[in-house]
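S.K.: The following block contains the structure, expressed as structure tokens.
Computed from the coordinates by the stated procedures, all read-outs in this text should not be read as laboratory data. None of the values given here were measured: they were computed from a predicted structure. Here the Cβ is made from the backbone with ideal geometry for all residues, glycine too, and neighbour counts use every protein chain on show.
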Ligand code: GLU
């Protein structure tokens, strides 16, 4: 077989959403697995709905996911010469016909045919004596492809098997607008052929376009590619995934703190499987991915599973990598100091096992460089800051730590124990009030570990602030 050439062909009419990203990933992996080429084509013939900003955003998301393409991006808006050439052929061989009709006239006509349970076909324009097939003044023509009146169009889909369409179920369809711009079903054929695409891998929402495209391939005497239509992604309620189900753009997942390889891994498994293995490195996927294991039925998007996978990826990421991933969230003036602070890196190691997103990771780390918490967890305040004995124990602990010379785990543990006994409070409760004072939260890695990493100066500052905060905000009974 000749070299595999596949393409991802987004329309820049919105951000890259996860359905599109999954299509791109399948194409990318198919190309890499077969040592072929992955081509990027921007389908921007709908000038009104396309924008450069969306194009940039799509490229950005693809780069972030590590979907490097081998050719392109090609822009359809720059290829009108080629389309015109093929348009001429289509008109010459009479598969395409010009229709001098306004959009309103056309839509009224289609409605009237629908009422009679008829499809829109050239034959009915002629029979109805509409005179749309020759020039009319003040009307710019559209170009329409004529579909056969009978017979079938059959092709073998790599994922779905044999698919047959009845020609009598097809409407003739516009391929060139009256504003002199071409339309998807036509340009996709010209481009796939011109770019030597061997396999068209795309969402199964395009199945109904396929017979139309096959008609054009045949009319232009072009070789058909293989088609592989992959099942849609549905929300947990089995409806097509949409904004109602929460974030759908790749960019939103990035902002929420997902690692690109976690999203990549998750999306591959939506519709493709390899036994019950869940976690795959990219190299492993390149080795294993093929279209044989793509399922026929829709895949259900499961945000909890994605979160779980992300947590797994964070857990197994190097500390330096995680630092780079959260650097934009860290205040600028802290960045270079932290970069060379080995204690901060140790803290990343302690915190990453309890962080499911980079956002959580950052939230769990920020106490290290913030002078004191912006706010204290309100439940924690009720349980650990609002009891007089605990407050007194905290003050006594402060004094004890103030004169401690070696801030190591052993000395700290002893000091905590002594104060807990002296003030008759549970060690656990004392530790919780210190944890709240230092991190603002009631969960964190071991309290002695984090105090040791923080060092005396910063610990004392936070404790002092917390004591003052309690004095200002709490009235004991
Ligand atoms: N531009 C089309 C889309 O975004 C591409 C369809 C295709 O892959 O043929 O849906």
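S.K.: Which distance in nm do the two modelled labels at residue 281 and residue 81 give, with both placed 7 Å along the Cα-to-Cβ direction?
M.R.: 4.6
S.K.: Next up: For region 309-357 and region 425-449, what is the separation of their C-alpha centers, rounded to whole Å?
M.R.: Centre-to-centre distance over Cα atoms comes out at 21 Å.
S.K.: Round to the nearest 0.05 the FRET efficiency obtained for residue 304 and residue 413 when R0 = 30 Å and r is the Cβ-Cβ distance.
M.R.: Calculated value: 0.20.
S.K.: Report the FRET efficiency, 1/(1 + (r/R0)^6), for residue 312 and residue 406, where r is their Cβ-Cβ distance and R0 is 41 Å, rounded to 0.05. Walk me through the intermediate numbers first.
M.R.: On the way: r = 38 Å, r/R0 = 0.92.
The pair residue 312/residue 406 has a calculated efficiency of 0.60.
S.K.: Oh, and also: Based on alpha-carbon centroids, what's the gap between region 254-295 and region 32-51 in Å, whole number please?
M.R.: 21
S.K.: Could you work out how much longer the chain between residue 98 and residue 221 gets when fully extended? Use 0.36 nm per residue separation minus the Cα distance between them, nm to one decimal.
M.R.: Fully extending the segment from residue 98 to residue 221 adds 42.2 nm.
S.K.: Using a 7 Å offset from the Cα along the Cα-to-Cβ direction at both residue 375 and residue 53, what is the distance between the two label points in nm, to one decimal?
M.R.: With each label placed 7 Å out from Cα toward Cβ, I get 3.1 nm.
S.K.: I need the calculated FRET efficiency for the pair residue 332 and residue 195, taking r as the beta carbon distance and R₀ as 51 Å, to the nearest 0.05. Working shown, then result.
M.R.: Numbers: r = 45 Å, r/R0 = 0.87.
The computed FRET efficiency comes out at 0.70.
S.K.: Could I have the simple spin-label model distance between residue 154 and residue 342, label points 7 Å from Cα toward Cβ, reported in nm to one decimal?
M.R.: Taking the simple label geometry, residue 154 and residue 342 are separated by 7.2 nm.
S.K.: Here's another thing I want to ask about it. Normalising by the residue count of region 338-433, find the relative contact order in percent from Cα pairs under 8 Å and 6+ residues apart.
M.R.: Once divided by the residue count of region 338-433, the mean separation gives 24 percent.
S.K.: Which value in deg cm²/dmol, rounded to the nearest 500, describes the helix-derived mean residue ellipticity at 222 nm for the chain, given -39,500 (n - 2.57) per DSSP H run of n ≥ 4 and division by the residue count?
M.R.: On the way: 20 runs with 221 residues, N = 477.
Calculated at 222 nm, the ellipticity per residue is -14000 deg cm²/dmol.
S.K.: Multiply the residue gap between residue 136 and residue 297 by 0.36 nm, knock off their C-alpha separation, and tell me the result in nm, one decimal place. Write down the numbers at each step before the final one.
M.R.: Values: separation 161, 0.36 × 161 = 57.96 nm, distance 4.86 nm.
Residue separation times 0.36 nm, minus the Cα-Cα distance, leaves 53.1 nm.
S.K.: Compute the helix-to-body angle for 210-219: its Cα long axis versus the longest principal axis of the chain, expressed 0 to 90° and rounded to tens.
M.R.: In the chain, helix 210-219 runs at an angle near 40 degrees to the longest axis.
S.K.: Going by how many other beta carbons lie within 10 Å of each one, how would you line up 34, 473, fewest first?
M.R.: If I rank by nearby Cβ atoms, fewest first, I get 473, 34.
S.K.: For region 118-170 and region 89-105, what is the centre-to-centre distance using only Cα atoms, to the nearest Å?
M.R.: The distance from the Cα centre of region 118-170 to that of region 89-105 comes to 11 Å.
S.K.: Still on this model: Multiplying the sequence separation of residue 354 and residue 443 by 0.36 nm and subtracting their Cα-Cα distance, what value in nm do you get?
M.R.: Here the segment from residue 354 to residue 443 would lengthen by 31.1 nm.
S.K.: Shape verdict for region 97-206, please, from the Cα gyration tensor: rounded (a/c under 1.5), prolate (a/b greater than b/c) or oblate. Please list the in-between numbers first.
M.R.: On the way: a/c = 2.62, a/b = 1.49, b/c = 1.76.
Oblate, since a/c reaches 1.5 and b/c is not below a/b.
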